[in-house]
């Protein structure tokens, strides 16, 4: 089963979910806004792809943080704390393909996975 994590009104998440539906790929969706960031899943993502990949430094949420909050993100532990407090700072979508994890939407890569 494919598990997609993100925010439903995010354009990239919308594209990703639409693509999965077009491919007929069964998947579940976890809404960070309604369901929060699952800690155990976040720990798996950090181990799999690293905190630098997960923290979206180009997004609105990152830009709205105080400079001191941004500068405090220096390692996996500080990034984890930030992502648990501000789920919108996670680059989206995060997708679990069984044991593998990807971040963002890449149709060519996803085609090889479905």
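The values are calculated or read from the model by the stated rules, or taken from the named source; none is laboratory data. Predicted model, so just to flag it, every value in this text is computed and none were measured. Cβ atoms come from the backbone with ideal geometry, glycine included; neighbour counts cover every protein chain shown.
Structural remarks
- Residue in region 1-15 that is at pLDDT below 95 and in a helix (DSSP H, G or I) present: no
- Residue 37 being at pLDDT 95 or above, part of a loop (DSSP other than H, G, I, E, B) and under 14 Å from the mean Cα position of the chain (by Cα): yes
- On the stretch given as region 40-59, residues that are assigned to a loop (DSSP other than H, G, I, E, B), in contact with a helix residue (DSSP H, G or I) (Cβ under 9 Å, 6 or more places away or on another chain) and at negative phi total 3.
- Identity of the residue in region 74-114, assigned to a loop (DSSP other than H, G, I, E, B) and more than 17 Å from the chain's Cα centre (by Cα), that ends up farthest from residue 23 (Cα to Cα): 74
- Taken as a whole, the structure leaves residue 26 outside the set of residues that are touching a residue at least 40 places away in the same chain (Cβ under 8 Å) and more than 19 Å from residue 84 (Cβ to Cβ).
- Residue 63 being exposed (fewer than 14 other Cβ atoms within 10 Å of the Cβ) and either under 10 Å from the mean Cα position of the chain (by Cα) or part of a loop (DSSP other than H, G, I, E, B) (or both): no
- Residue count for region 16-34, restricted to those that are at positive phi and assigned to a helix (DSSP H, G or I): 0
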